[in-house]
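The values are calculated or read from the model by the stated rules, or taken from the named source; none is laboratory data. In this text, all values refer to a predicted model and were calculated from it rather than measured experimentally. Heads up, the Cβs are rebuilt from the backbone with ideal geometry, glycines too, and the neighbour counts pull from every protein chain shown.
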Amino acid sequence: MHSKLQANNIGLRSSLILLLTTAIGLTAFCWPLLLSADSQLSKTTAPILTALIIPLALLVVFTDLADGMLNSKAVALLGLMASLIAAARLFGTHSFGVEPMWALIIISGRAIGPSFGFSVGSLGMASSALITGGIGPWLPFQMLAAGWIGLLSGLIPFPKGRAEVPLLALFGAFSGIFVGLLLNMWFWPTAIGSDTSISFEQGAPFIQNISRLLAFTMATSLAFDLPRAIITALIISTVGAGMLRALRRAARTAIFVTEVQWQTQTSAKSLS
């Protein structure tokens, strides 16, 4: 008997929704790098695209419910993990890059699956924003970044066994750096003036602006990104194996407990 909530397993309709969400998200993140100086997509237009992210993240959950990939008990597990992620972000020391929530997102996506990882990451980020009052133009970008990390942790075909947790820890370290670079993109074009070597240059070649973005990241956020990468890898290395077992056991129970009860009742009726 195999669970439908295994890593690397994702429904067709959920895949289409996630592809649409990713396309919209990449457009919102990367529009300055991809468009020319005379483009009609302005700085005020691009953030409007991100308003679609929250309903699409919820739609992934509803689609999995309709397709039988999740049931009410698995959705309760989703709510529990999103709450834990929100609490972990609340108690994290953001000024030093200590953000334990990323480890929880990665472990959740790896244990239960990519669509679950995307939903728990994005909804956990939204929940923490409601708790802390951190609602602003940056929130959809943070939700996308968290969702993508959860999605990737479920999609990457890590081997199960002893190598799984060390490889997942390496992915956590990479995520800590990647998230910093990704989140810089939403405000970098307007963060500083246009007369520095790390400023965004409207209409410049793609490679040139990428080089400037990397230089901007090294000069501004790398001191926060490195601790995030180290802490995430350490948490996964320490508690990853136990959490993976617990979440996989909970996911199997969530999927099959109703089915087993129904079969038992049917068998009892047939014997009477």
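The figures follow:
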item: Residue tally, condition touching a Lys or Arg at 6+ places or on another chain (Cβ under 9 Å), under 23 Å from Leu151 (Cβ atoms) and of a type outside the set (A, V, I, L, M, F, W, C), over segment 162-197; result: 4
item: Any hit, segment 227-234, residues being part of a helix (DSSP H, G or I) and at pLDDT below 90; result: no
item: Segment 222-251 - residue that is closer than 19 Å to Ala163 by Cβ and among the β-branched types (Val, Ile, Thr) and, of those, surrounded by the most Cβ atoms within 10 Å (Cβ to Cβ); result: Thr232
item: Helices (runs of 4 or more DSSP H) within segment 1-74 that include 3 or more residues at pLDDT 65 or above, within 30 Å of Ser194 (Cα to Cα) and over 17 Å from the mean Cα position of the chain (by Cα); result: 12-34
item: Subset of segment 112-155 that is surrounded by fewer than 23 Cβ atoms within 10 Å (Cβ to Cβ) and among the hydroxyl-bearing types (Ser, Thr, Tyr) - its residue that is farthest from Val61 (Cα to Cα); result: Thr132
item: Tally, over segment 75-108, of residues that are surrounded by 15 or more Cβ atoms within 10 Å (Cβ to Cβ) and not in a helix (DSSP H, G or I); result: 5
item: Long-range neighbours under 7 Å by Cβ, at least six apart or interchain, first residue within 16 Å of Glu99 (Cβ to Cβ) within segment 231-248, second buried (at least 17 other Cβ atoms within 10 Å of the Cβ) and of a type in the set (Ser, Thr, Tyr); result: Thr232/Ser175
item: Residue in segment 136-159 that is at pLDDT below 90 and among the small types (Gly, Ala, Ser) present; result: yes
item: Extreme residue, modelled with the lowest pLDDT, among residues of segment 195-221 that are buried (at least 17 other Cβ atoms within 10 Å of the Cβ) and in a helix (DSSP H, G or I); result: Asn209
item: Matching residues, segment 160-194, being at pLDDT below 85 and of a type in the set (Gly, Ala, Ser); result: Ala191, Gly193, Ser194
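Okay, residues lined up against (1) free of Cβ contacts under 8 Å to residues at least 60 places away in the same chain; (2) within 13 Å of the chain's Cα centre (by Cα); (3) not in a helix (DSSP H, G or I):
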residue	(1), (2), (3)
Ala111	no, no, no
Ser122	no, yes, no
Ala126	no, yes, no
Gly134	yes, no, yes
Leu144	no, yes, no
Leu151	no, yes, no
Arg162	yes, no, yes
Ala169	no, no, no
Ala173	no, no, no
